[in-house]
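Here the structure is laid out as structure tokens; the discussion comes afterwards.
Laboratory data are not the source of any read-out in this text; all were calculated from the coordinates shown. If you're wondering where the values come from, they're calculated on a predicted model, not measured in any experiment. Using ideal geometry, Cβ is built from the backbone for each residue, glycine included, and neighbour counts are taken over all protein chains shown.
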Amino acid sequence: MESVKTAPVDNQGRSAAASSKKRGAGIRAWLVIDSSGRPKLEEFEKHRIMRRTGLPARDLRILDPLLSYPSRILARERAIVVNLEHIKAIITAAEVLLLNSKDPLVAPFVRDLQSRISSMCCSSPSPEVTSNAFSFYRENCKC
């Protein structure tokens, strides 16, 4: 009789190889710039980004470095997705999430963005800006 070899199985019924492949899939380093301009490097998987931003998977595809997409800006209900050459970002009301933040071509953009957000956060509002979004932003600014 022929013996059948089986691969080790994790506690959810997946083989160890499939389990480790699944864990490493889709995790990327994102530079998160908060509403006061403070940066933090964090690692997120695709599904966590989808929950955090309210974006569907198809909108995140344009940020995938392995796929070729033309430059594009997508405006969605809860976020804006930006794919312009080396700049790949998601902009929400509370934060900006950037891919490729260590890229030398992206670094000047990151510095400028941080500077602009910091100065906007701590400056007085101009009289023509009276939207609810700006009011929310000013109330939650942590300068």
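Summary of values
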| read-out | value |
| --- | --- |
| Which numbered condition Val96 fails, given (1) buried (at least 19 other Cβ atoms within 10 Å of the Cβ); (2) in a loop (DSSP other than H, G, I, E, B) | (2) |
| Residue check, Pro70 over 16 Å from the mean Cα position of the chain (by Cα) and part of a loop (DSSP other than H, G, I, E, B) | yes |
| Residues (surrounded by fewer than 15 Cβ atoms within 10 Å (Cβ to Cβ), free of Cβ contacts under 8 Å to residues at least 24 places away in the same chain and either touching a helix residue (DSSP H, G or I) at 6+ places or on another chain (Cβ under 9 Å) or not hydroxyl-bearing (Ser, Thr, Tyr) (or both)) located in the stretch 54-70 | Pro56, Ala57, Arg58, Arg61, Leu66, Leu67, Tyr69, Pro70 |
